[in-house]
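Notes to accompany the following structure.
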Amino acid sequence: MLRRDPDFSEFGGLTMSRTCHWLRPRDSSGHHRPHKEEGETCMAIQRMDNVGIVVEDLDAAIAFFVELGMELEGRAEVEGLFADQCTGLDGVRCDIAMVRTPDGHSRLELAKYRSPAVISAGPRNRPHNILGTHRVMFAVDDIEDTVARLRPHGAELVGEIARFEDSYLLCYLRGPEGIIVGLAEQLR
């Protein structure tokens with residue numbers, strides 16, 4: 001069962017999308033031809049909808065990412081057979097929040113499991129070179145201001161703000177739940 005926030009009309013990433021998009025040549029009017037023809041390729045994805053992050057304190061994670069500049073798109077409670085089947089877990093009860101970048105193209109799904117219990121994967125201050133997903137990167141206008149605004153939300157620099165040639169200022173910081181967030185400011 002999917003319960004949606006009553007003030008929220010559409011929840012990006014929760015609606016099912018086709019898993020196969022036919023790459024079709026355009027006809028002379030610029031429109032795609034309606035059917036797959038011999039030699040055309042089936043593409044497995046259309047886009048990346050979101051990156052999921054499991055957290056213990058959902059409100060703190062939302063506050064952190066909203067302060068970063070993301071917008072809360074909606075909150076929902078997820079449970080039921082479809083959630084169990086999708087995750088391979090039994091008795092899933094999960095609160096989720098979707099936050100999106102201001103341009104609307106990228107989303108994070110923040111999830112707090114009420115059941116089954118969350119499994120800790122070790123210390124939250126793991127080094128950057130550990131196997132698996134290790135960071136989410138954001139382009140920002142002012143890296144120093146962004147770091148300063150995130151510090152009251154628990155953000156700590158992993159290293160320091162570094163300059164890459166005359167192109168970027170870059171840093172990694174540890175956010176809520178030990179999530180490493182990368183920030184990049186393009187130099188003009």
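No value in this document is a laboratory result; all are computed from the given coordinates. Bear in mind the structure is a predicted one, so any value in this text is a computation, not a measurement. Here Cβ is always computed from backbone atoms with ideal geometry, including for glycine, and neighbour counts include all displayed protein chains.
Quick notes
- Counted by neighbouring Cβ atoms within 10 Å, the residues LEU68, LEU110 run from fewest to most as LEU68, LEU110.
- Subtracting the Cα-Cα distance of LEU187 and ARG47 from 0.36 nm times their residue separation leaves 47.5 nm of extension gain.
- When each of ASP84, ASP166 is scored by the number of other beta-carbon atoms lying within 10 Å, the sequence from fewest to most is ASP166, ASP84.
- Antiparallel %, DSSP beta bridges [both residues in the range 134-188], to 5: 75
- For the range 134-188, averaging the sequence separation of C-alpha pairs within contact (under 8 Å, six or more residues apart) and dividing by the residue count gives a relative contact order of 43 percent.
- Where labels lie 7 Å past Cα in the beta-carbon direction, separation of GLU56 and SER106 in nm: 2.7
- Spin-label model, PHE82/GLU144: points 7 Å from Cα along the beta carbon direction are separated by 4.9 nm.
- Each Cα pair of the range 134-188 feeds into the Kirkwood radius, which the Stokes-Einstein equation turns, at 10 °C and 1.306 mPa s, into a diffusion coefficient of 143 µm²/s.
- Full extension of the chain segment joining ALA63 with PHE164 gains 33.4 nm, where the gain is 0.36 nm per residue of separation less the Cα-Cα distance.
- With K and R counted +1 and D and E -1, the other residues having a Cβ less than 11 Å from that of ASP141 yield a net charge of -3.
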